[in-house]
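Have a look at the structure below before the remarks.
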Amino acid sequence: MTTETLPLPPVPPSAHGPRRLPRPGTYTAETGRCIVELTARYGPFVTLRRRLTTSDAALTVPADADGCALRLELTGGPLGRSVLVFESDCGEPAADGSRLVCPGQLTLRGKPLPTDLPLRVVDCTAERLLVTGTTQVPYRLLRAATGFALPHTRPADRLRLLVAAEFT
């Protein structure tokens, strides 16, 4: 006699349909409710991992158009006195409401670098949006474009930016 594990049936979609963006307006994420981590990687190894301070995190949902605008302003850690800004005009969430793609640009020392920040919508209500996401930037490209350099004791071939934020 053997036991066989059967796959669970898929969860039916919500009766309320796919999750949408919150009501129109500007939402902010408080410092304790927005976590941003910078990780330097060299091959499979992590050579640096630091949490960045969020000085400004805002999500603007317009009343007359689809999509939203996202702005993150980051300082601290390996950035020193520099300010790292990510700005994006995000589209409407995916059909199932679980993804929000944010093509935008990272600006460091006044020099922009195009990058995408795909966000996973963890929870969305009329007054709140909870998201997580990561983006990776080639270190050589970032260094050539902005002049940003890590210490020689911290080699890297790419940098990863992890974002978890609750906009209310």
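The values are calculated or read from the model by the stated rules, or taken from the named source; none is laboratory data. Not measured: the values here are computed from a predicted model. Virtual Cβ from ideal backbone geometry, glycine too; neighbours counted across all protein chains shown. Areas reflect the complete protein model, heavy atoms only, side chains present, ligands, DNA and RNA absent. Shrake-Rupley method; radii C 1.70, N 1.55, O 1.52, S 1.80 Å.
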Exercise for the section: State to the nearest 20 debye the size of the charge dipole of the chain about its Cα centre, where the only charges are +1 on K and R beta carbons and -1 on D and E beta carbons. Expected result: 900 debye
Practice task
Let me know the shape class of the stretch 75-162, please: from the alpha-carbon gyration tensor, a ≥ b ≥ c as square roots of the eigenvalues, rounded when a/c is under 1.5, otherwise prolate if a/b is greater than b/c, or oblate.
Solution key: prolate
Practice task
Please name whichever of Ala65, Pro138, Phe86 sits farthest to the positive end of the charge dipole of the stretch 52-168, dipole taken about the Cα centre and charges placed at Cβ: Lys and Arg +1, Asp and Glu -1.
Solution key: Pro138
Completion exercise
For the stretch 25-137, the percent of accessible surface on carbon and sulfur atoms (probe 1.4 angstrom, ligands and nucleic acids excluded) is 51 percent
Exercise for the section: Roll a 1.4 Å probe over the protein chains and send me the accessible area per residue for the stretch 96-154 in Å². Expected result: 54 Å²
Fill in the blank from the handout: Residue-normalised value, i.e. accessible area per residue, for the stretch 45-87 at 1.4 Å probe, in Å², stands at 51 Å²
Problem - Cα gyration tensor, the stretch 13-159 - rounded (a/c under 1.5), prolate or oblate - result: prolate
Problem - For the stretch 31-70: relative contact order, % (alpha-carbon pairs under 8 angstrom, 6 or more apart) - result: 31 percent
